[in-house]
Structures are given as C-alpha cells and as structure tokens.
Amino acid sequence: MYPVDLVAAFRAVEHVLGAGFRLVLLDLDGPLQSRSLPASAWLRIARVAVRSDAAIVVLSASRIAGAFATLSLEICPLRRAFVGEGGPCPVFEGAVSSLYLRKYKFGPSGGVPVDLFASTRA
Amino acid sequence: MSRIACLLVPDLCLMAHLRLNSELAEKPLALTDGRAGRGRVVAISPAAGKAGIFPGMAVTQARAVCDALVIRPISSEALAAAVSTLADVASTLSSRVEIDDHDVVFMDCEGGGLLWASEAELAAMLGARAARCGLPVWVGIADSKLGASVAAREGGGLRIVPAGQTREFLEPLPLVLLDPDPEIAATLASWGIRFIGDLAALPSGAVAHRLGSAGGMLVRRARGEDDTPLVARQIPRTFHESLVLEYGVDRLEPLVFILRRLIECVTSRIELHGLGCREIEIGFDFEGGGSDLRTMTAAAPTTEHKIFVTLARAHLEKCPPAHSVTKISLVGVATQIRPTQLDFLRPSGPAPAALASTLARLAVLCGPDRVGVLRRADSHRPEAVEVARFEGLSTPKQETSAGALASIRDRGANERMVVHLALRAFRPPVALEVFERAGGLDYVRGGGFGGRVVRRAGPWRLRGEWWTADPYAREYYDVELSDGGVYRIYRDVRLQCWLADGVYD
C-alpha cells in the first residue's frame, strides 16, 4: 500500500498488525522521509508490535526509530562497480557495501561488518 | 408430513418504516397514501393512536388533531425490503423459504432437527433474529402454509399446532380467516356456515357444483390443505434498501447519518446469509428531478457497515450531491468471503474475515487505488504497472528460504554476500536539469538531489508504442553523482526533456 503521509502510514501499520500479519515492512525512505514523527508514535507502534507478536522492519536513510528499535542495521556504501569504463558503453554492475550491526537490545552490538555486493544482475 | 412455519409482521407498513427510522418509534407517526401532506392516513403508531389519530383520516384533519404528528408517505420499497429481511431471517434456519403475495414468509421446518431442540425453540430463535433486524414477528407452525398462517395471526406472537392436528385447530375458527371471496362469504353466511369446521364438513364436490371452483378450493383450505406447495426462493445476490425523505437534504452529515442506517440494514441482511458485501451502489433522487448513482467497492468482501460508511463519507466529501436529496436507494452486492487454506509449515496468517476488513480499512485510509499488489500492465513501457486486488497470501517457494540459509551457512568468513540491487522508482518520474559538456553528461540537478556526474553507464535507447498516439523514445543512463548516489535517468527524445526514473538503493 502507498499511504499518502506518515500518519496514514503508521495507522496502516496498526491495521495490518491488528489483522494478524507477523511481519510489516515500512519504507520511509522517499516522499515520507521529509516528515518527522514524535517519539510517542514510535512507542505506540512498538507496543502494538509486541502485543501482536510481530516484527516491523523500517527502512530509512537515518536512524529514526531511536531508542524504540530492538535491532538496528546500517548499510554503508563502499564503492560502485562500473564495467567497461572508457569503452563505448559502460555498464553499471552493482555496489559494494558494508553491513554494520549498530544496536541490538538483547546482545552485543558492533563486531565485524559483513560485506555485501548488491548486483544489478543477481 | 411437512411442517411449515409462517412469519408475519403485525402492522407491517408501520414496522417497515420504523425499521429505517427508529428515532420515530416513540413519536406520533402517521403513514399516508399520498405525498406532500395529501391523501389519507393508512397506518399509525401507538403514540398517534393515543393522540386521537385513526386510519382513514384525511391528512389535514390529522394535522388539526395533533400538532406534533409526523406524517410520512407509505413506501412500497420499504415494505418489500422489510419482507425480504424477514425472508433473510428465515433463510438462516432453512434453505426453503417462500414470500407469498400477502407479504407473509413461509419456511420449511423439515430436516432442521439439529439446529433446534423443539419447534418452540425454533420460533423463539426466529423471533429473536427478526427483532435484531428491527422487526417484531409473529410465528405460527403447522402442517400446511394455511394452518401456519392462521396460527400466526391467531396466536398473536407464537402458536404451534401439533403435527396432524391442523384441521382440528382450524375447525372452531371463524370462516373469515380463510379470506373468502365476499360473494361466496355472503352465500355461505346465508347457509348458516360461519366457522371453518362447518365448511370443512361439506362435500367439496357439491360445494364446487354450487359455488364454482373457488368454492371447492375454499373447502380444501378449510380442511387445512394448501392450494400450492411451498416454492423456495433463490438466495438473493443483491439486497435493496431505500428511504424517501420528508424534505431535501443537502448537507453531508445528515446524509451520512441516513446512509449509515441503510448500509447497516444491507450489511446485516447479507451477514444473515453468511456472505460478505463487496460493493454498494448508492442512488440519490434530487429535489426537482434528476438522480445520481455512486458505486463504492470494498477491497474485500466484508460485513462491517462502518467500512462502507467511511467509504461513502469519503466519496461524498470528494463529490458532494449536486442538489438536495429527497430519496436514497441502496443496493448491496453480496459475494462469498474467500476461505483460505492454512499452510502446514508456516505460521497462520490473518483470518479471512480479518484480512477482508483490514483491506477495506486500508483502502479507506490510503485510497482504493493505493492498496493491492503491483502487477505488470499490458504495455511495453518499462514503468507500466497497475495495482491489482490483493487476493490473499501466496505460499512462497520453500527452496528459496532453504537455499538462502544454505548459501549463508556454506559461505566462508571472508566471502562476500551477493544480493540483488533494487531500484527505488520515482513515480511519476522527476524532472531534471542535465548539463552536458564535450558530448557527455556533466552535472545533474532536480528532485531533491544533484551533483557532478562522476561515472556513467549508457545510453540504452528504448522506443516503442509507435503504433499508438502516444509513442515513447528514451535514452537511459545510470549515473553516479558526486552526492554518492547512483541514479537511473533518461532523456525523453520526443519531449526533449530529462527525467529521473529512480535511484539504486
């Protein structure tokens, strides 16, 4: 679904969790990103998730859930891979990134990052 | 021997009106056979009776007697809806239900022994369910339709005639209960026949010889035999409700208030059949002529009237009626609520009913065209997608998750994980300013991002739909900008403009 604003998005998440879904993906990186929500909204939605025995995965450009997130992962881009540069038609092959565990409420955070290669052909 | 139950609503005209206007239950109310204060009073509420109003009075006379009298025209559509509702109630307990010409409902009680312990319990269940629909009902149960009908009228609430005793039940009752033709009734009265038992004792052939076929039929009815068997009606797929308003309504809140009651009636009737309401059509008749028809479709079949009320409110706020509304007609389209098969290996998802109502609520919240599943549209354009209806949860391929787990487990500590790179599409595409230098792309800005082009891939030329009035011709590039992002942009060759198609996430 494509809610028109952030408030509608949060209300939609509550509806979806109330229906019995166990995993909800909330993509806030885009038009919805520009708006900010009070901490009480995150607290409320976190409580709904706990009560529904469900998980909410939030995608955003920055850490917006703050203290209410149980697990926080950050993907840092390292470099872009272009093939055939200097030739007549170079091709964008993908991006190399590192995945960091920034926060985990029930265990240690940090550690060795995991290298990811996001390929356009995978 | 068959057992038939008869359901009838006493003072049906009044009850059909009060069913849709429950706020008038305590007020003096008179239903008339004409509109706009003309005609005569046909039915009255108890409060109107206490105020001195009686059926047959002229409307002007009734107004003079009681200032507070509420006068409404009688509505044949409201009557039909009330009788259909009664049949819907009967359908919850029997598959064979008939509506006869006198607005009486008959149901076949045979074979329902598992649903009720006794016929008294059946009658109590029918009464309770009809009351929930706003209709007080009288129930009679006998061996035949006629016996059940007379039992319901005579019982004044509940009357059960024991099996095989219908004729004995009818014998002491007055002949007028058989609704004889007036001419035949006069002849029988001149013969001194005033009770049903007297007529039943006569030989039917001799009576038919003297009074015609109608007389013979009357004798058979007096013996408790039916003229026609019970003819079951088909389960309806559309449910109608309508309300004529006393004066034109042009404001949204009163209109939604009235709609709420009508929608509640329709959804509750659909729920009686174990179905869900998928679509509601609302028709408005305007003051001074003209009409309008609105269709509201829920994302999934549901029996929650609040969802349709919210849909109707949203629709009316967006497109209010052009004139004052004097009549509202509502048609609910019923359909099966889709059952879902649970997966043995996966946790149970949402229940079908909960999923249906959730989809409908989300459609109200986000808009019907923003909830669903993205599917490719029948087009050659790369961005051609459409939002299709969400039909339920699909079972993922088991090997996908198993394969992914195996690949993670087997990977070495320093080995890199390969995933698919996603393109976050901009819809609609974002207009850009692109500066070129020495035949190449130099700088890009627009849509909240911008920077010098560090590296680029492309162009890929794409053109199509040249056989239509709206062809496209584009040159696509993947550009890495100095802001760190990689974007897919294209130049529209026909319109000579640059657009951003998306960003690699």
When you look at A:Cys89, is it among the hydrophobic types (A, V, I, L, M, F, W, C), within 30 Å of B:Tyr477 (Cα to Cα), out of contact with any Gly (no Cβ under 9 Å at 6 or more places or on another chain) and surrounded by fewer than 15 Cβ atoms within 10 Å (Cβ to Cβ), yes or no?
no
Listed by range, helices (runs of 4 or more DSSP H) wholly within segment B:138-204 having at least 2 residues that are of a type outside the set (Phe, Trp, Tyr) and within 20 Å of B:Leu126 (Cβ to Cβ) are B:145-155
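Take A:Ser98 and tell me if it is touching a Cys at 6+ places or on another chain (Cβ under 7 Å) and more than 9 Å from chain B (Cβ to nearest Cβ). Walk me through it before giving the result.
Working: touching a Cys at 6+ places or on another chain (Cβ under 7 Å): yes; more than 9 Å from chain B (Cβ to nearest Cβ): yes.
Judged against the criteria, A:Ser98 is a match.
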Answer with yes or no whether B:Tyr443 is under 17 Å from B:Glu383 (Cβ atoms) and among the aromatic types (Phe, Trp, Tyr).
no
Which one is surrounded by the fewest Cβ atoms within 10 Å (Cβ to Cβ) among residues in segment B:230-247 that are hydrophobic (A, V, I, L, M, F, W, C) and assigned to a loop (DSSP other than H, G, I, E, B)?
B:Val231
If I go through segment B:100-119 residue by residue, how many of them are surrounded by 24 or more Cβ atoms within 10 Å (Cβ to Cβ) and under 24 Å from B:Glu264 (Cβ atoms)?
1
Check whether at least one residue in segment B:72-91 is modelled with pLDDT of 90 or more, of a type in the set (A, V, I, L, M), crowded, with 20+ Cβ neighbours inside 10 Å and assigned to a loop (DSSP other than H, G, I, E, B), and report yes or no.
no
Being assigned to a strand (DSSP E or B) and surrounded by fewer than 17 Cβ atoms within 10 Å (Cβ to Cβ) is true for just one of A:Ser72, A:Ser62. Which residue is that?
A:Ser72
Qualifying residue in segment B:420-434 (condition: facing another protein chain (nearest Cβ under 9 Å) and either assigned to a loop (DSSP other than H, G, I, E, B) or touching a helix residue (DSSP H, G or I) at 6+ places or on another chain (Cβ under 7 Å) (or both))
yes
Of all residues in segment B:120-162, count the ones that are surrounded by fewer than 20 Cβ atoms within 10 Å (Cβ to Cβ) and out of contact with any helix residue (DSSP H, G or I) (no Cβ under 9 Å at 6 or more places or on another chain).
9
Give the residues of segment B:172-229 that are surrounded by fewer than 15 Cβ atoms within 10 Å (Cβ to Cβ) and small (Gly, Ala, Ser), sorted by residue number.
B:Ala186, B:Ala189, B:Ser190, B:Gly192, B:Ala201, B:Gly205, B:Ala206, B:Gly212, B:Ser213, B:Ala214
Failed item, numbered, when B:Ala298 is tested on (1) among the hydrophobic types (A, V, I, L, M, F, W, C); (2) assigned to a strand (DSSP E or B); (3) surrounded by fewer than 16 Cβ atoms within 10 Å (Cβ to Cβ)
(3)
Does A:Glu74 satisfy the criteria of being modelled with pLDDT of 85 or more, facing chain B (nearest Cβ under 10 Å) and within 20 Å of B:Gly484 (Cβ to Cβ)?
no
Mind listing whichever residues of segment A:9-28 are within 7 Å of chain B (Cβ to nearest Cβ), buried (at least 17 other Cβ atoms within 10 Å of the Cβ) and in a loop (DSSP other than H, G, I, E, B)?
A:Gly20, A:Phe21
Kindly provide the set of residues from segment B:438-466 that are farther than 14 Å from B:Val503 by Cβ, within 11 Å of another protein chain (Cβ to nearest Cβ) and of a type in the set (Gly, Ala, Ser), ordered by number.
B:Ala457, B:Gly458
Search segment A:34-60 for residues being out of contact with any Leu (no Cβ under 7 Å at 6 or more places or on another chain) and at the interface with chain B (Cβ under 10 Å from one of its Cβ atoms), and hand back the single one that is modelled with the highest pLDDT.
A:Asp53
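The values are calculated or read from the model by the stated rules, or taken from the named source; none is laboratory data. Since the structure is predicted, the reported quantities are computational estimates derived from the model, not experimental observations. No Cβ is skipped: glycine too gets one built from the backbone with ideal geometry, and neighbour counts run over all protein chains shown.
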